[in-house]
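Participant: Structure below; questions to follow.
The values are calculated or read from the model by the stated rules, or taken from the named source; none is laboratory data. What you see is a predicted model, and the numbers here were worked out from it, not measured in a lab. For neighbour counting, all protein chains shown are included, and Cβ atoms are generated from backbone atoms with ideal geometry for every residue, glycine included.
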Amino acid sequence: MNDIRTLSVTGRAEAAVAPDLVNVELTLTRRGPDYEACVAASSADADSLTAAVLALGFDETDLKTRSYQVDTDYEDRQENGVWRRVFAGYRVTRELRLGFSLDAERLGRVLQALAESPVHPECRLSYAAINAEKIGEKLRAEAVRDAFEKAETLAHAAGLALGSVIRIDAHGGSGAPRKFAVNAMRAFDEAKISAGTPEDLTFSDSVDVTFTMVKPEAAEDFIALVKRSRSFRGYDESRKITREELISFVDCARFAPSSVNRQPFQYVLACEQADLDKIQPLTGWARALPDKRLPYPGKRPTAFIVIAQNTDWEPDTSRFLKDVGIVAQTMLLAAAAKGLGGIMIGNFSPEKLSAALDLPANLRPMLIVAFGRPDEKIVLTEVSPGGSLDYYRDENDVHYVPKRRLEDIIL
Ligand SMILES: Cc1cc2nc3c(=O)[nH]c(=O)nc-3n(C[C@H](O)[C@H](O)[C@H](O)COP(=O)(O)O)c2cc1C
C-alpha cells in the first residue's frame, strides 16, 4: 500500500510598483464605400500622426503599428418595409502604439498634440513597469518561499515534518498594464489628471507546491545525511543486506553525473556468503592504522558492490576515475539514507579480484564499495592547518576523522 502522505499548499506573493512606462495606444478608423479611397485615407492618417509625433521629438521607431485590418462594412436598411443587411463599404482599422518612459510633461504634450490632430485617433493609455519580467521572477521566488513557510507551519501543526517537494505548479503571474481610455477631444484634460501620479501597478503570482510529509525523526537535512555517511570499518553481521537493497543503491547511482555521459560502469553485486568470502580477503582496510586488523572478526560488511568499467564501452579507464568516485559516494548516501553504511575500498588488486569473481576480460574492477549496518562509533573533528589528517582511534576504539576547517579550504 502506498502510504506516502502529501501536502499541497498555494504560495502567493504581491508587489505594488510605481509605473515607469507609458504606452499611448491609438486606433485610427476609416470607413467608406470605396476600398482604395479608404486605404489611402488610412495611410494619410497614419502619416499625419507620425508627423505629429516626430514634431514632438520622438523617433519614427517609437511609434509602432500593432495591427492593420480591412473589413467589409454592412448596415441595416429598410426597403419596402423589410429590414435587410446591405453592403456599405469598407472599414480600415490601424492600431499604433507610442511607448516611452513615463514623464508627465511629455505625456501632456503628446495628448495635446493628439487632441489637436485632424485625424482624431481613439486613444487609450496604459502604464507598465520597465523591469516587469524581473519583478515577475522575484515574485515567483517569493511565492515559492511563501509555500514553504505555509507548508512548514501546517506540517508542524499535524505533528509531521516536510519531506521533499514532489510537484510545483506555477500559475503565471499577473501584472497586467493598467489601462484607461481617453477621449481624444478631452485628452488634454484627462492627461492633466493621469499625468499627475499614476496609481501603482499591482503584480501578483502564485504557485502550488506539493510536499511529502514524513515523521519528524525521518526528516533529516542533507548535510546531516552526508555527515552521518562515514567510512565504516565495523558492521553488525546479523544484518544481512539483500540483493534488492544493492540494486536500489545502483538504481540511485545511475542518475549521477558522468563525463560526456558515457556511464561506462557495470556493477557486480555480492551479498551471498560465498561471494563475500571471496572478496573480503582481497580488500585492504585502514592503512593509517597498521596495528589494527580491521574489520574485526564478526564485524565484517555483509555486502559488496564492485564498480567495474566495461572496457568494450570505454577502453580508457584513467578517463573515468572521477566518475567512479561520484557513483560510489551516491551509493553510500543511498545506503546512509536507509540507516545503513559502507566504505569505499581502493586498496585491492583488480587482477586478483577479477580472477576470484571470474569476471570477463572487458570488466575492469575500479573500486569496491562495502555495505552493512554500521556497528562502530565515528567522530568527525576539525583540524587546523599543519595538523595531522590521519584518522585515529582511542582506547575504546572510537574512530576519529579529522576534517579541514571550512575557512582553510575556501579561497
Ligand atoms: C577512493 C577512496 C578509496 C578508499 N579506499 C580505502 C581502502 O582501501 N581502505 C580503507 O580502509 N579505506 C578506504 N577509503 C576510506 C578513507 O580512508 C576515508 O574516506 C577517510 O579516512 C575519511 O573518512 P570518512 O570517509 O569517514 O570521512 C577510501 C576512500 C576513498 C574516497
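Participant: For the stretch 61-68, check the following and say yes or no: at least one residue is surrounded by 10 or more Cβ atoms within 10 Å (Cβ to Cβ) and more than 26 Å from residue 108 (Cα to Cα).
Facilitator: Yes: one or more hits.
Participant: Can you name the number of the only condition in (1) in contact (Cβ under 8 Å) with a residue 60 or more places away in the chain; (2) within 20 Å of residue 228 (Cβ to Cβ) that residue 325 fails?
Facilitator: Among (1) in contact (Cβ under 8 Å) with a residue 60 or more places away in the chain; (2) within 20 Å of residue 228 (Cβ to Cβ), residue 325 violates only (1).
Participant: Oh, and also: Could you list, in sequence order, all residues of the stretch 249-262 that are exposed (fewer than 14 other Cβ atoms within 10 Å of the Cβ) and not in a loop (DSSP other than H, G, I, E, B)?
Facilitator: Passing the criteria: 251, 260, 261.
Participant: Take the stretch 237-283 and flag every residue that is more than 39 Å from the chain's Cα centre (by Cα) and among the hydrophobic types (A, V, I, L, M, F, W, C).
Facilitator: Residues satisfying the conditions are 274, 276, 279, 282.
Participant: May I pose another question? Which of the following residues is of a type in the set (A, V, I, L, M), out of contact with any Lys or Arg (no Cβ under 8 Å at 6 or more places or on another chain), free of Cβ contacts under 8 Å to residues at least 40 places away in the same chain and within 25 Å of residue 318 (Cα to Cα): 260, 268?
Facilitator: 260
Participant: Within the stretch 263-288, restricting attention to residues that are in a loop (DSSP other than H, G, I, E, B) and exposed (fewer than 14 other Cβ atoms within 10 Å of the Cβ), which residue is farthest from the ligand (Cβ to nearest atom)?
Facilitator: 272
Participant: Just to check your reading of the model, which residue among 370, 335, 328 is more than 12 Å from the ligand (Cβ to nearest atom), in the same structural domain as residue 265 (by TED's automatic domain parsing) and of a type in the set (A, V, I, L, M)?
Facilitator: 335
Participant: Can you name every residue in the stretch 348-399 that is over 29 Å from residue 271 (Cβ atoms) and touching a Leu at 6+ places or on another chain (Cβ under 8 Å)?
Facilitator: Answer for the stretch 348-399, where residues must be over 29 Å from residue 271 (Cβ atoms) and touching a Leu at 6+ places or on another chain (Cβ under 8 Å): 383, 392.
Participant: Let me ask something else about it. Of these, 139, 154, which one is at pLDDT 90 or above and surrounded by 20 or more Cβ atoms within 10 Å (Cβ to Cβ)?
Facilitator: When all the criteria are applied, what remains is 139.
Participant: For residue 20, indicate whether it is more than 17 Å from residue 123 (Cα to Cα), of a type outside the set (A, V, I, L, M) and without any contact (Cβ under 8 Å) to a residue 24 or more places away in the chain.
Facilitator: no
Participant: Restricting to the stretch 289-321, name every residue that is surrounded by 15 or more Cβ atoms within 10 Å (Cβ to Cβ), under 34 Å from the mean Cα position of the chain (by Cα) and in a loop (DSSP other than H, G, I, E, B).
Facilitator: Within the stretch 289-321, just 314 meets the criteria.
Participant: Failed condition for residue 320, given (1) more than 19 Å from residue 229 (Cα to Cα); (2) away from the ligand (no atom under 14 Å from the Cβ), with all others met?
Facilitator: Evaluating residue 320 over (1) more than 19 Å from residue 229 (Cα to Cα); (2) away from the ligand (no atom under 14 Å from the Cβ) leaves (2) as the failure.
Participant: Okay, moving on. Consider residue 20 carefully, then state whether it is in contact with a Leu (Cβ under 6 Å, 6 or more places away or on another chain) and closer than 20 Å to residue 102 by Cα.
Facilitator: Yes, satisfied.
Participant: Could you check the stretch 320-368 and list, in sequence order, the residues that are among the basic types (Lys, Arg) and under 24 Å from residue 260 (Cβ atoms)?
Facilitator: Within the stretch 320-368, 322, 364 qualify.
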